[in-house]
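This report concerns only the one structure given below.
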4 protein chains.
Amino acid sequence: MKVGIVGATGFGGLELIRLLKQHPEVNEFILYSSSKKDEHIQSVYPHLNGLAEGALKAIDHEKMPEQVDFLFSSAPTGVSASLLPPLLEKGMRIIDLAGDYRLKKQGVYERWYKKEPPERKWVEKAVYGMPEYNRENIKSAQLIANPGCYPTAALLGLLPLVTKSLIDTKSIIIDAKSGISGAGAVPSSAAHFPIANDNLQIYKVNRHQHIPEIEQMLHHYSVTKDPITFNTHLVPMTRGIMNTMYATVDEGTTEREIEETFSEFAEQHPFIRLSPQGTFPCTKQVFGSNYCDIGWSFDKRTNRITTVAVIDNLMKGAAGQAVQNFNLMNGFPENTGLQASPLFP
Amino acid sequence: MKVGIVGATGFGGLELIRLLKQHPEVNEFILYSSSKKDEHIQSVYPHLNGLAEGALKAIDHEKMPEQVDFLFSSAPTGVSASLLPPLLEKGMRIIDLAGDYRLKKQGVYERWYKKEPPERKWVEKAVYGMPEYNRENIKSAQLIANPGCYPTAALLGLLPLVTKSLIDTKSIIIDAKSGISGAGAVPSSAAHFPIANDNLQIYKVNRHQHIPEIEQMLHHYSVTKDPITFNTHLVPMTRGIMNTMYATVDEGTTEREIEETFSEFAEQHPFIRLSPQGTFPCTKQVFGSNYCDIGWSFDKRTNRITTVAVIDNLMKGAAGQAVQNFNLMNGFPENTGLQASPLFP
Amino acid sequence: MKVGIVGATGFGGLELIRLLKQHPEVNEFILYSSSKKDEHIQSVYPHLNGLAEGALKAIDHEKMPEQVDFLFSSAPTGVSASLLPPLLEKGMRIIDLAGDYRLKKQGVYERWYKKEPPERKWVEKAVYGMPEYNRENIKSAQLIANPGCYPTAALLGLLPLVTKSLIDTKSIIIDAKSGISGAGAVPSSAAHFPIANDNLQIYKVNRHQHIPEIEQMLHHYSVTKDPITFNTHLVPMTRGIMNTMYATVDEGTTEREIEETFSEFAEQHPFIRLSPQGTFPCTKQVFGSNYCDIGWSFDKRTNRITTVAVIDNLMKGAAGQAVQNFNLMNGFPENTGLQASPLFP
Amino acid sequence: MKVGIVGATGFGGLELIRLLKQHPEVNEFILYSSSKKDEHIQSVYPHLNGLAEGALKAIDHEKMPEQVDFLFSSAPTGVSASLLPPLLEKGMRIIDLAGDYRLKKQGVYERWYKKEPPERKWVEKAVYGMPEYNRENIKSAQLIANPGCYPTAALLGLLPLVTKSLIDTKSIIIDAKSGISGAGAVPSSAAHFPIANDNLQIYKVNRHQHIPEIEQMLHHYSVTKDPITFNTHLVPMTRGIMNTMYATVDEGTTEREIEETFSEFAEQHPFIRLSPQGTFPCTKQVFGSNYCDIGWSFDKRTNRITTVAVIDNLMKGAAGQAVQNFNLMNGFPENTGLQASPLFP
């Protein structure tokens, strides 16, 4: 297949290149960039010396459907809304890594993103690309809204409990921590090394745009429609997300039920791993891989469960999950090109 | 004054040396070490070249009361229980940075520390050294149990709300994150650079020994005696603690009350600073200083408050608070020797 | 093939597991460990959950030749000398990642390693596993002495110039910097996170055991037998080596000759990349890959060349180069299992 | 004294605030900023909450001489040349932390800085502010050109040897490594955390503007006028410089002479410390302090000396040395306000 990547010079784009480069079903890829067209990507990113041919191409709605068989869009949120519809109209299959097509309700999108929502038509057609909860729909989708990094870790740690009604959804608190690559490739003060190094920063307290994305999925699978508490921190590391999640356990729930629930969940899905009881995952144990590792502890004193989910934000939190969706959409085994072990240490 | 430091070669001890070196009322200090006696501390820690005279002295219950006027003990938890009583019996005034004398109930100590509790007599006499809540008792104390690092940040962020009954104590969840110096000076696998770097680790989930220390103080100031949820993470940075704390706000509590409560609290105490509304502190803004910086946000959607408190774990979380207590015990202005600005970046 | 790894729980061993796991010609591997036999490696290293089967096996000279077709030994230097000969006598083909078999002169080994040298017989048979300079010998070797991490980067940056007599070997100075994984998996004070983080340490000044290894190869390819200056630093990063190397350029040497020399070198070898003129590699651009990236600058003012070579110390500096040698010894394409792009950022 | 700081919002400016805040002879300081006038510095840098009063003031050549008794200028290089002369004409005493007034030859300035050189008059009057080599001139100077960060570490490690003719100046090679705060407060790609973290970068190879500054001083103290080799690296740490320096030792020089030379040097100057023989300083052992720590090793095999000098680039490499000069210019003890111990770990 010939595959295109829009926004190739961002961190999501770089990770897609890394993955598609070793994907056995992809024999060519074309990189698109609105800002750096005609440059060679290795002149910006020398780790790609010898690994990427041809110059970055400009985005061209006419030519793209002929140039490539499939498109990944890693443009910033807000850009996809105008960029993708003409391509979709021509029948292109697209995975969008931005936030534009994730929220089904336009009002919610406007409120949290402070942007014009995209066309209703494509929002409705877009499938939320979380294979563990949407595998069949993904297979036949034309447009995938690839999940956000934090929501991926949050939902994979919470949905197994929510779908079985083991916890009180009203009590959910998610304390999320991310490596700084999550902030993207554009330099900023909060990500300036002398500021970010040896520092822990909290940001967007109670107003992160991933809140409605998490709630949308939780509400889909629960009877109640409770709001959640969700906060985000910048940890001085390059990659990795850890979500530490708290919830009150419903009366009658036993530890065995919880263990079985997570255990089954891990068995059913190739990229979910459950930490042995009494142990908890660290972010580095999934570094560079598509795994989501989950650990949990029930505290009798408070009747609360602590669930810990870790991912590599650029992998299962972005490009890795996108390739997983790509595999499903094209009938390849789900883990094609994603079997590399985590890189440790 | 002549001051002694037991456990001078640990990180708490090193920080005490740094502070007492520039303390105008301390004209001499003697360093004690059970493991490295007769060595010179600068041969272990060359940053002290030219700054510390004399060899490390062995611990000697007979000589110590004559050698020094005041003692800081930074020995590991469990050691103080046997080390300090003979010195206390001779009338020495001591600040203990370990956990031994913090918990008033022996059964609680045993359960969480899995160690023999220290003598009841001195546990009862020990004063919990948190000046913001115990200033008068500290002044006249013979033995100070210097608070733990996590409890300091937790209590300074929560007690102002609890004492005014603004939050539901049953709902308190503390998600704590610490730099790795909190693990001490002895090398370990979790603190081995290749493992700890670019990694976020969670540890002692729901079983950290600081849980009963936090609860003891919360229960002292609240009507109810609810257990809390408290978890701890190792962040790849050297110093700093951030506690992100969640609680449901009691009905009728207004944002203005909360702001006034914290605002008054900051005005009354020299080392408490309140972040301007809508902003939140990062750990680096207190690096090397004795400040505890606090920020908060009330979320109408969930009726929960998020409170963020940051400290330097070796300063307000250990040696800095110890010197603050030392000042109070000796009638010096509370901030003597502690006025240095945070080191940033 | 069935492949064995001795010393599987060290960092070199872990990296071998990662690489062999995705090597298409390896269908099984057995992990040996003297210290942790019967344990499961994933209980020590949870990033391998689901990726490594069976318990760690004890080292057994009788059984090993039957259990595996090929052996990688990643035991510490000094252990191989006694561990490997009985296996070699039985005809096993072995790649040794330790220093034991690298130095041809026993006296030199003793002087720099302060250890008994290994048996002369196997020292003589051992082939120094640097494919760029020894490809043919490697193919038919029974025992490979896999090069040290620093020597790999040093020799790949210097030998192209030395073999063409473009620089004065008497003037060579190598200023080497390494990430801390080079210190191994055993915790130590210098690698303790609070000490190593935000710190730059120099060590073994003018007495590193890699000095004679570099000199042995340089002398092999030069007329003169000059000693070199070589110093090593610990950089607060997990992986990566950068050697900054200085030498006086021989009279008559032109910049064009230098460029052509490196350019040819890069063309001839699959894992050598030359940075475009005027640019210089950083360690991160080879992270997780087997590349050695080289840049250079000639300074007319001083008549000196500065050559910069970067590698991932666990890859081209250890396990990656070992797999490259394994491929050559078994007639597989040289880059089999080593094609993954660098992981960036 | 009332002291002014121009460029208060850069990292040099922040460090000056930290130091002057605790300086017993400074009772007031005024912060000037061309870009952020009327803002409060604590709104940009919350670590200064409660520590800095009044808004940032605009630069005003008329008012400044009346507002303050002394001026530190921490504006970027190139700005001082136009900013300072009008103030100097009015008799103000100024310490300039930028590079403008360091190089005595205008042609050299132009060649390396690619900027118009400042007025000859003030270049001639400017005194190079390195107390260890210029103490008497500093005392009576009106304008101090505060040394660059790299040159400070380079010269303090080399000049003691050069002034006694112990080394061959033609052979000098300086391999310099700096923490990333040296790149300043403005975000950039090379200092973007995801790029800089876990990475070692080399930059400005053989063309750093500190080369002529180092040579100017070396040539002043040596008979010969040889060019040096000097290269710079960005280490993933916030603060700290380590210069590893190589030189061939002149015939007849003994190790004892070298030891005595450095030993005397350290005794004569309050901020120079010599590491015990056989040991070498790390950058962290001077963190936050004004010390320059020096270690050395003579290698008989190559007849070369390796000298290692470490400083905190924002302290002895910038603001600390500036305050040291300020003390000398005003007749205060040289270490006033600079006695704080290094912060370790």
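For the stretch A:267-325, enumerate the residues that are among the polar types (S, T, N, Q), more than 14 Å from chain C (Cβ to nearest Cβ) and assigned to a loop (DSSP other than H, G, I, E, B).
Those that are among the polar types (S, T, N, Q), more than 14 Å from chain C (Cβ to nearest Cβ) and assigned to a loop (DSSP other than H, G, I, E, B): A:Thr302, A:Asn303.
Looking at (1) among the β-branched types (Val, Ile, Thr); (2) in contact with a helix residue (DSSP H, G or I) (Cβ under 6 Å, 6 or more places away or on another chain); (3) farther than 20 Å from C:Asn335 by Cβ, which one does C:Ile138 not meet, given that it meets all the others?
The single condition C:Ile138 does not satisfy is (3).
Under the condition of being more than 14 Å from chain B (Cβ to nearest Cβ) and in contact with a strand residue (DSSP E or B) (Cβ under 6 Å, 6 or more places away or on another chain), which residue from the stretch D:41-63 is surrounded by the most Cβ atoms within 10 Å (Cβ to Cβ)?
D:Leu56
Might you check whether a residue that is buried (at least 17 other Cβ atoms within 10 Å of the Cβ) and within 14 Å of chain D (Cβ to nearest Cβ) occurs anywhere in the stretch B:212-231?
no
How many of the residues in the stretch A:191-211 are in a helix (DSSP H, G or I) and crowded, with 23+ Cβ neighbours inside 10 Å?
Result for the stretch A:191-211: 5.
Among the residues of the stretch D:77-91, how many are at positive phi and surrounded by 21 or more Cβ atoms within 10 Å (Cβ to Cβ)?
The number of residues fulfilling the criteria is 0.
Inside the stretch D:154-209, can you point out the residues that are over 23 Å from D:Asp226 (Cα atoms) and of a type in the set (Asp, Glu)?
Matches in the stretch D:154-209: D:Asp198 only.
Do we have B:Val6 as over 17 Å from B:Met64 (Cβ atoms), of a type in the set (A, V, I, L, M, F, W, C) and more than 10 Å from chain D (Cβ to nearest Cβ) here?
Taking the combined requirement at face value, the residue does not satisfy it.
Determine whether D:Pro117 is away from chain A (no Cβ under 14 Å), at pLDDT below 95 and on the phi < 0 side of the Ramachandran plot.
Taking the combined requirement at face value, the residue satisfies it.
Can you run down the residue pairs with Cβ atoms below 8 Å, 6 or more apart or on separate chains, where the first is in the stretch A:169-188 and closer than 22 Å to B:Arg301 by Cβ and the partner is among the charged types (D, E, K, R) and in a loop (DSSP other than H, G, I, E, B)?
The qualifying pairs are A:Thr169/A:Asp226; A:Lys170/A:Asp226; A:Ile172/A:Asp226.
Does C:Gly252 count as surrounded by fewer than 17 Cβ atoms within 10 Å (Cβ to Cβ) and not in a helix (DSSP H, G or I)?
Yes: the conditions hold for C:Gly252.
Of everything in the stretch A:15-40 that's surrounded by fewer than 17 Cβ atoms within 10 Å (Cβ to Cβ) and away from every other protein chain (no Cβ under 14 Å), which residue is farthest from the chain's Cα centre (by Cα)?
Ranking the candidates gives A:Asp38 first.
From the list B:Pro212, B:Pro160, which residue is over 22 Å from B:Ala98 (Cα atoms) and in contact with a helix residue (DSSP H, G or I) (Cβ under 6 Å, 6 or more places away or on another chain)?
B:Pro160
Just checking, how many residues over the stretch D:188-211 are of a type in the set (A, V, I, L, M, F, W, C) and more than 7 Å from every other protein chain (Cβ to nearest Cβ)?
2
For residues that are surrounded by fewer than 21 Cβ atoms within 10 Å (Cβ to Cβ) and not in a helix (DSSP H, G or I), tally how many sit in the stretch C:128-167.
Total meeting the criteria: 5.
Kindly provide the set of residues from the stretch C:212-245 that are assigned to a loop (DSSP other than H, G, I, E, B) and more than 19 Å from C:Phe11 (Cα to Cα), ordered by number.
Hits for the stretch C:212-245 are C:Ser222, C:Val223, C:Thr224, C:Lys225, C:Asp226, C:Pro227, C:Ile228.
Taking the conditions exactly as written (in contact with a strand residue (DSSP E or B) (Cβ under 9 Å, 6 or more places away or on another chain) and outside the structural domain of D:Glu15 (by TED's automatic domain parsing)), does D:Ser188 satisfy them or not?
yes
Matching residues to (1) polar (S, T, N, Q); (2) closer than 30 Å to C:Arg301 by Cβ:
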site	(1), (2)
D:Thr224	yes, yes
D:Asn243	yes, yes
D:Glu259	no, no
D:Cys282	no, no
D:Ile294	no, yes
D:Asp299	no, yes
D:Ile311	no, yes
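Tell me the residue from C:Gly320, C:Gly331 that is touching a residue at least 12 places away in the same chain (Cβ under 8 Å) and buried (at least 17 other Cβ atoms within 10 Å of the Cβ), please.
Of C:Gly320, C:Gly331, the one residue that is touching a residue at least 12 places away in the same chain (Cβ under 8 Å) and buried (at least 17 other Cβ atoms within 10 Å of the Cβ) is C:Gly320.
Of the residues A:Thr283, A:Thr336, A:Thr307, only one is more than 20 Å from A:Cys149 (Cβ to Cβ) and either in contact (Cβ under 8 Å) with a residue 12 or more places away in the chain or charged (D, E, K, R) (or both); which?
Of A:Thr283, A:Thr336, A:Thr307, the one residue that is more than 20 Å from A:Cys149 (Cβ to Cβ) and either in contact (Cβ under 8 Å) with a residue 12 or more places away in the chain or charged (D, E, K, R) (or both) is A:Thr336.
In the stretch C:321-345, how many residues are touching a Gly at 6+ places or on another chain (Cβ under 9 Å) and within 30 Å of A:Gly240 (Cβ to Cβ)?
Result for the stretch C:321-345: 10.
Return a yes/no flag: does the stretch A:170-187 have any residue that is within 14 Å of chain D (Cβ to nearest Cβ), at pLDDT 95 or above and more than 20 Å from the chain's Cα centre (by Cα).
Among the residues of the stretch A:170-187, at least one is within 14 Å of chain D (Cβ to nearest Cβ), at pLDDT 95 or above and more than 20 Å from the chain's Cα centre (by Cα), which makes the answer yes.
How many residues are polar (S, T, N, Q) and crowded, with 18+ Cβ neighbours inside 10 Å if we restrict to the stretch B:64-76?
Count: 2.
Answer yes if at least one residue in the stretch B:260-273 is polar (S, T, N, Q) and under 30 Å from A:Pro194 (Cα atoms), and no otherwise.
No, the conditions are met nowhere in the stretch B:260-273.
Give me the residue from the stretch C:286-301 that is touching a residue at least 12 places away in the same chain (Cβ under 8 Å) and under 18 Å from D:Asp175 (Cα atoms) and, out of that set, surrounded by the fewest Cβ atoms within 10 Å (Cβ to Cβ).
Here the residue is C:Phe298.
Take C:Gln277 and decide whether it is within 18 Å of the chain's Cα centre (by Cα) and not charged (D, E, K, R).
no
Evaluate the stretch D:308-324: report whether one residue or more is in contact with a strand residue (DSSP E or B) (Cβ under 6 Å, 6 or more places away or on another chain) and on the phi > 0 side of the Ramachandran plot.
There is no residue in the stretch D:308-324 that is in contact with a strand residue (DSSP E or B) (Cβ under 6 Å, 6 or more places away or on another chain) and on the phi > 0 side of the Ramachandran plot.
Against the conditions (1) in contact with a Pro (Cβ under 9 Å, 6 or more places away or on another chain); (2) in contact (Cβ under 8 Å) with a residue 40 or more places away in the chain, where does B:Asn197 fall short? Just the number, please.
Result: B:Asn197 fails condition (2) only.
The values are calculated or read from the model by the stated rules, or taken from the named source; none is laboratory data. Remember, predicted model here, so these are calculated numbers, not experimental data. All Cβ positions, glycine included, derive from the backbone under ideal geometry; neighbour counts span all protein chains shown.
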